[in-house]
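Trainee: Starting off with a structure, shown below.
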Amino acid sequence: MLWNDQIVERRDCINIEDRGYQFGDGIYEVIGVYDGKPLLLTEHMERLERSAREVQLTLPSSISNLKNRLEDLVSLNELEEGIIYMQVSRGAAPRWHEFPADDISPVTIAYTRPEERMTTIENQGATAILTEDIRWLRCDIKTLNLLPNVLAKQKAVEHQAIEAILHRGETVTEASASNVFIVKDGELYTHPANNFILNGITRKKVLQICKESALKLHEETYTVTDLLEADEVFITATKLDVIPILKVDEHTIGTGSPGKVTKKIVKAFRALYEQEV
Ligand SMILES: *Cc1c(COP(=O)(O)O)cnc(C)c1O
């Protein structure tokens, strides 16, 4: 694993006073690795930099150094298919809520985990549940504070669903760890990238695909009713890529099988990734 700027063997080097551990005071990224290569690493590092800025955390090293270290880690671990998990906490210091003194440095860790691609589920589709979005008002920052997301995902799993789609009142925001798109009359809708959602890198790629394929996409809010009455629904996230959602709670979406537009996006996303490798 990567621990600060060193690649080490140990996995149990957490300081009990690490602010990531005690307050969730830190940020993270999950990067997909396909055929031994991290996908869209620059985009992930740029988002990490943005998250750091938004929580007033100074990254301990440059983006290009971090990229090199992560690439080293992938090759040392001989990872072919899987993810890199990386987090930066505000550091370890006696537990007081306010930021520690300037001489405390952030703690960076990263490790890899083998994971299969979700090809079967991508082809066949999955089900989701709906649950109220109880998160704070800065969901645009990829922070370690994930308790509401954990609770939502647990509820999904208890209902044999792949994801929990979140709504604030009538407005659908995103899902516990993925972004949500709906298709109605051949046009796509997804929540705008503001403080209510995490702007996924997969989401951004789908926007680009829509532009290139002349698919009409609206970055607009839509309601729970719009979702349930949509012709197609899909979710996007790193390593999940693009997953068709065929059922939400008890409601069948569209025909109950993966729709035309979703299939097109799945195919285009794969092609995009194959080009990158
Ligand atoms: C990370 C994350 C996503 C998906 O982002 P990707 O960059 O596509 O992996 C969506 N929603 C939330 C809440 C997330 O934390």
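Trainee: So which residues in segment 12-47 are of a type in the set (Asp, Glu), surrounded by fewer than 19 Cβ atoms within 10 Å (Cβ to Cβ) and within 16 Å of the ligand (Cβ to nearest atom)?
Mentor: Passing the criteria: Glu43, Glu46.
Trainee: Does Val172 meet the test of being touching a helix residue (DSSP H, G or I) at 6+ places or on another chain (Cβ under 9 Å) and closer than 19 Å to Ile121 by Cβ?
Mentor: Answer is no for this residue.
Trainee: Additional query: Can you find even one residue in segment 108-121 that is under 25 Å from Thr190 (Cα atoms), more than 14 Å from the ligand (Cβ to nearest atom) and part of a loop (DSSP other than H, G, I, E, B)?
Mentor: Looking through segment 108-121, at least one residue is under 25 Å from Thr190 (Cα atoms), more than 14 Å from the ligand (Cβ to nearest atom) and part of a loop (DSSP other than H, G, I, E, B).
Trainee: Quick one: which helices (runs of 4 or more DSSP H) lie wholly within segment 1-79 and hold at least 3 residues that are farther than 23 Å from Pro94 by Cβ and not polar (S, T, N, Q)?
Mentor: 41-54, 63-76
Trainee: Going by what's in this entry, would Asn179 be described as assigned by TED's automatic domain parsing to the domain that holds Ile141 and within 13 Å of the ligand (Cβ to nearest atom)?
Mentor: yes
Trainee: So, one more: Tell me which of these Ser213 doesn't satisfy, since it passes every other one: (1) modelled with pLDDT under 95; (2) in contact with a Ser or Thr (Cβ under 8 Å, 6 or more places away or on another chain).
Mentor: (2)
Trainee: Just to be sure I understand, how many residues within segment 167-192 are of a type in the set (Gly, Ala, Ser) and either crowded, with 17+ Cβ neighbours inside 10 Å or under 17 Å from the mean Cα position of the chain (by Cα) (or both)?
Mentor: Counting residues in segment 167-192 that are of a type in the set (Gly, Ala, Ser) and either crowded, with 17+ Cβ neighbours inside 10 Å or under 17 Å from the mean Cα position of the chain (by Cα) (or both) gives 4.
Trainee: Considering every residue within segment 232-250, establish whether at least one is small (Gly, Ala, Ser), modelled with pLDDT of 95 or more and within 13 Å of the ligand (Cβ to nearest atom).
Mentor: Yes, segment 232-250 has at least one match.
Trainee: Of the conditions (1) buried (at least 17 other Cβ atoms within 10 Å of the Cβ); (2) closer than 15 Å to Ala110 by Cα; (3) not charged (D, E, K, R), Ile63 clears all except one; give me its number.
Mentor: (1)
Trainee: Looking only at segment 140-159, how many residues end up being assigned to a loop (DSSP other than H, G, I, E, B) and polar (S, T, N, Q)?
Mentor: The total comes to 1.
Trainee: If I filter segment 193-215 for residues that are over 25 Å from Lys155 (Cβ atoms), away from the ligand (no atom under 16 Å from the Cβ) and either buried (at least 17 other Cβ atoms within 10 Å of the Cβ) or of a type in the set (A, V, I, L, M, F, W, C) (or both), do I get at least one hit?
Mentor: Yes, there is a match, as at least one residue in segment 193-215 is over 25 Å from Lys155 (Cβ atoms), away from the ligand (no atom under 16 Å from the Cβ) and either buried (at least 17 other Cβ atoms within 10 Å of the Cβ) or of a type in the set (A, V, I, L, M, F, W, C) (or both).
Trainee: So Leu130 ticks every box in (1) more than 16 Å from the chain's Cα centre (by Cα); (2) under 21 Å from Pro192 (Cα atoms); (3) without any contact (Cβ under 8 Å) to a residue 60 or more places away in the chain but one. Which box is left unticked?
Mentor: All conditions pass for Leu130, except number (3).
Trainee: What do you reckon, is Lys184 within 16 Å of the ligand (Cβ to nearest atom) and closer than 18 Å to Val266 by Cα?
Mentor: no
Trainee: For segment 119-131, state whether one or more residues are under 21 Å from Tyr28 (Cβ atoms) and touching a strand residue (DSSP E or B) at 6+ places or on another chain (Cβ under 9 Å).
Mentor: No, segment 119-131 has no match at all.
The values are calculated or read from the model by the stated rules, or taken from the named source; none is laboratory data. Source: prediction; values computed, not measured. In this analysis, Cβ positions are derived from the backbone assuming ideal geometry, glycine residues included, and neighbour counts consider all displayed protein chains.
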